[in-house]
């Protein structure tokens with residue numbers, strides 16, 4: 001206890017240097033914990049993008065490519081699936097529900113997805129959470145109705161009743177607009193933190209109506225043009241879709257249904273397990289994830305080395321102080337212990353301030369990060385792994401404190417009560 005009070009008094013006497021050292025450690029601790037928190041939450045958010053879906057089916061390509069365009073709205077399908085193929089698979093007695101997905105259009109950089117009412121009934125994310133409407137309702141009989149994801153509505157400031165024009169293709173800036181067939185916003189989904197937030201949802205009939213007068217990827221001109229009112233009275237059953245999601249009556253049948261779809265004779269199809277594909281995709285990003293964590297650890301190490309340098313630099317200046325302590329009865333191991341306690345106190349203060357800065361930063365940036373990147377950072381207590389990292393920092397500080405402590409011990413033995421400077 002006496003050593004601790006003496007260490008605090010010594011640090012107070014060198015408060016400017018001590019504060020700078022403590023602040024450097026605090027910033028490095030904040031960075032390390034922030035990277036770990038973002039990494040953990042990003043992985044949890046990534047894994048919870050889709051839940052409760054047993055199989056994702058698309059045209060035969062790669063499992064990651066199918067996952068990217070069907071779930072994350074990234075990239076494009078190599079081919080479409082015939083509607084009759086979807087109906088055949090959906091009619092299988094082992095299939096409980098099926099959600100068709102049709103992609104290909106966009107609106108101001110956001111993807112448009114054609115689907116059915118089954119999407120709002122059966123799609124799950126997170127821990128089997130259902131989609132909820134923040135405002136309005138789901139699309140109904142009118143093909144020209146759209147339900148917006150939360151990010152689309154907030155970023156583009158759309159409200160119920162607004163009319164929007166979709167664009168052909170997925171480019172941010174498109175030269176081909178479906179201006180003759182505007183859609184009316186009838187609903188806005190609650191925020192999910194998934195790609196659903198960045199998607200405009202229309203019915204399959206609406207997707208078909210957009211392209212009913214298109215041929216070979218080019219809109220018709222003159223007499224071949226079909227108005228929105230004319231399209232409403234046409235047969236808008238889709239001829240093809242991009243992919244579909246399946247929920248099965250029994251999890252035991254998953255692999256059997258997957259094999260049947262992969263061997264489907266009507267056309268080449270690929271069925272993947274979402275969890276396996278998500279894990280495979282995340283493993284591809286594992287190197288970058290570990291590299292970022294290693295950089296953060298090196299930043300903490302740099303902060304601790306800065307503390308070591310500050311203590312070592314002050315040793316020669318403090319030899320008179322140590323000689324005075326020896327004169328009042330302090331032994332060499334007291335001097336060594338004093339420096340170890342100082343190193344530990346600096347590191348402990350840095351850890352405490354670093355954790356405080358982390359929570360202040362999360363509280364300040366939580367809304368921005370969630371609205372901009374769809375990543376929710378909770379104000380929760382440190383996890384077991386984070387406690388281990390903080391404990392490791394304190395242990396490293398103690399070990400580093402042994403270096404100046406050993407030098408001070410040797411100097412106090414050599415100097416005795418006479419200071420050689």
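You can think of it this way: the chain between residue 360 and residue 160 has 68.4 nm of extra reach, that is 0.36 nm per residue less the Cα-Cα gap. With the highest mean first, a sort of the peptides 292-305, 380-393, 28-41 on other beta-carbon atoms found within 10 angstrom per residue produces 28-41, 292-305, 380-393.
Just subtract the alpha-carbon distance of residue 64 and residue 43 from 0.36 nm times their residue separation and send over the number in nm, one decimal. Don't jump to the answer; show the numbers that get you there.
Values: separation 21, 0.36 × 21 = 7.56 nm, distance 1.65 nm.
Full extension of this stretch gives 5.9 nm more.
Extension gain for residue 287 to residue 309 (0.36 nm times residue separation, less C-alpha to C-alpha distance): 4.7 nm.
What shape does region 109-195 have by the C-alpha gyration tensor, where a ≥ b ≥ c are the square roots of the eigenvalues, rounded means a/c under 1.5, and otherwise prolate means a/b greater than b/c and oblate the rest? Numbers along the way, then the final one.
Numbers: a/c = 1.73, a/b = 1.50, b/c = 1.15.
Here region 109-195 falls in the prolate category.
If you wrap the Cα atoms of region 55-272 in a convex hull and average its projected area over all directions, you get 12.1 nm².
Here, each number is a calculation from the coordinates, and none is a lab measurement. Being a predicted model, the structure only gives us computed values, none of them experimental. Every residue, glycine as well, gets a Cβ built from its backbone with ideal geometry; the counts of neighbours run over all protein chains shown.
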